[in-house]
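Please read the structure below before turning to the comments.
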Amino acid sequence: MITDIWFYAAAVPAILLVGLSKGGFAGGLGILGVPLMALVISPLQSAAIMLPILVLMDMIGVWAYRKSFDKANLLILLPGAVIGILIAALTASYVTESFVRLLIGGIALSFALDHWIGRRALAEPKPRNRLKGGLLGIVGGFTSFVAHAGGPPFQIYMLPQKLKKMIYAGTSVMFFASINLIKLPPYAMLGQFNAENLWTALVLAPLAPIGMVLGIKALHVIPEKPFYRLAYIVLFLVGLKLFWEGLSPLFTA
């Protein structure tokens, strides 16, 4: 088990933020979990510690949103996500952390800016799209495997549909619950579930339901328009942070 106090100073808020996101409140917040923990330990170890906690959160979320999700969108997104996870698992030793952050950050920034500059907020709701959903499912599966950062690709596909906030949140919960279970065997095969990581995850696990409950309560309290406004703001800020972190090695090389 990790005993460094600075690790827990970063890990506790990270888990709570992820819990808020998994509870359905401002989904983009969840992408900050691994980067926060990676301030103290390696990103790969951060992701390995986080995954069992995510699965625990998923169990709570699936129960909470068992009647509020869009099955048709899941059937579009999940096949692509499986392909993305497979690609990530097979190329894990070749893909750099900086590349992944640039990819996720660039996608998030471009989507948020397009929403504001292109006045997408005034646009009519978009229908489901199998091609777009399949491609973004692949990207989401890939980035989720590498850094538990599948949120932006999911949001890019789902937000323009302007679903009811409970349906949107429930679909997010069901999607990530599915792909987190799929990620377990590849993570184990890569040797990431050693004793230190599993014991550390166990110590942090009690924070999972606390964050989830806070997220579910916040979702019920905040009206729909401010909810989506906040979701786009968080998406932009997270994208900016990740994009800068991806560029930083180029300036320090």
Does any residue in the stretch 160-186 that is within 25 Å of A47 (Cβ to Cβ) and touching a residue at least 60 places away in the same chain (Cβ under 8 Å) come within less than 6 Å, Cβ to Cβ, of a residue that is among the charged types (D, E, K, R) and in a loop (DSSP other than H, G, I, E, B) six or more places away or on a different chain, and which pairs are these? T171/D70
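Looking at G19, G23, which one is in contact (Cβ under 8 Å) with a residue 60 or more places away in the chain and over 26 Å from G246 (Cα atoms)? Break it down stepwise before answering.
Numbers: G19 fails: over 26 Å from G246 (Cα atoms).
Among G19, G23, only G23 is in contact (Cβ under 8 Å) with a residue 60 or more places away in the chain and over 26 Å from G246 (Cα atoms).
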Within the stretch 133-148, how many residues are under 12 Å from the mean Cα position of the chain (by Cα) and within 18 Å of A72 (Cβ to Cβ)? 1
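So, L198, is that one over 22 Å from L90 (Cα atoms) and in a loop (DSSP other than H, G, I, E, B) or not? Spell out how you get there, then give the answer.
Values: over 22 Å from L90 (Cα atoms): yes; in a loop (DSSP other than H, G, I, E, B): no.
Spelling it out, it is not the case that L198 is over 22 Å from L90 (Cα atoms) and in a loop (DSSP other than H, G, I, E, B).
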Residue pairs qualifying under the 8 Å Cβ cut-off, at least six apart or on distinct chains, with the first in the stretch 56-81 being within 16 Å of L181 (Cα to Cα) and the second being surrounded by 21 or more Cβ atoms within 10 Å (Cβ to Cβ) and among the basic types (K, R), are M57/K22; D58/K22; I60/K22; G61/K22
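Return yes or no: is V95 of a type in the set (V, I, T), touching a residue at least 24 places away in the same chain (Cβ under 8 Å) and in a loop (DSSP other than H, G, I, E, B)?
Numbers: of a type in the set (V, I, T): yes; touching a residue at least 24 places away in the same chain (Cβ under 8 Å): yes; in a loop (DSSP other than H, G, I, E, B): yes.
When the stated conditions are applied, V95 passes them.
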When you go through I156, I167 one by one, which is the residue that is within 15 Å of L74 (Cβ to Cβ) and part of a helix (DSSP H, G or I)? I167
The stretch 53-85, subset outside any helix (DSSP H, G or I) and not charged (D, E, K, R), residue surrounded by the most Cβ atoms within 10 Å (Cβ to Cβ): Y65
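Please enumerate the residues belonging to the stretch 1-46 that are polar (S, T, N, Q) and either surrounded by fewer than 24 Cβ atoms within 10 Å (Cβ to Cβ) or in contact with a strand residue (DSSP E or B) (Cβ under 6 Å, 6 or more places away or on another chain) (or both).
Initially, the stretch 1-46 is screened for residues polar (S, T, N, Q), giving 3, 21, 42, 45-46.
Result: T3, S42, Q45.
Among the candidates Y232, Y168, which residue alone is over 20 Å from V62 (Cα atoms) and surrounded by 18 or more Cβ atoms within 10 Å (Cβ to Cβ)? Can you show your working first?
Numbers: Y168 fails: over 20 Å from V62 (Cα atoms).
The match here is Y232.
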Filter the stretch 88-101 for residues that are farther than 24 Å from V173 by Cβ and hydrophobic (A, V, I, L, M, F, W, C); the one that is surrounded by the fewest Cβ atoms within 10 Å (Cβ to Cβ) is L90
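Among the listed residues L20, L36, L16, L29, which satisfies the condition of being at pLDDT 85 or above and either within 29 Å of F99 (Cβ to Cβ) or assigned to a loop (DSSP other than H, G, I, E, B) (or both)?
Working: L20 fails: at pLDDT 85 or above; L36 fails: at pLDDT 85 or above; L29 fails: at pLDDT 85 or above.
Testing whether each residue is at pLDDT 85 or above and either within 29 Å of F99 (Cβ to Cβ) or assigned to a loop (DSSP other than H, G, I, E, B) (or both) leaves just L16.
Which residue out of K126, K225, K183 is part of a helix (DSSP H, G or I), charged (D, E, K, R) and either within 14 Å of the chain's Cα centre (by Cα) or surrounded by 14 or more Cβ atoms within 10 Å (Cβ to Cβ) (or both)? It would help to see each step written out before you state the result.
Working: K126 fails: part of a helix (DSSP H, G or I); K225 fails: either within 14 Å of the chain's Cα centre (by Cα) or surrounded by 14 or more Cβ atoms within 10 Å (Cβ to Cβ) (or both).
Of K126, K225, K183, the one residue that is part of a helix (DSSP H, G or I), charged (D, E, K, R) and either within 14 Å of the chain's Cα centre (by Cα) or surrounded by 14 or more Cβ atoms within 10 Å (Cβ to Cβ) (or both) is K183.
The values are calculated or read from the model by the stated rules, or taken from the named source; none is laboratory data. Predicted model, so just to flag it, every value in this text is computed and none were measured. Every residue, glycine as well, gets a Cβ built from its backbone with ideal geometry; the counts of neighbours run over all protein chains shown.
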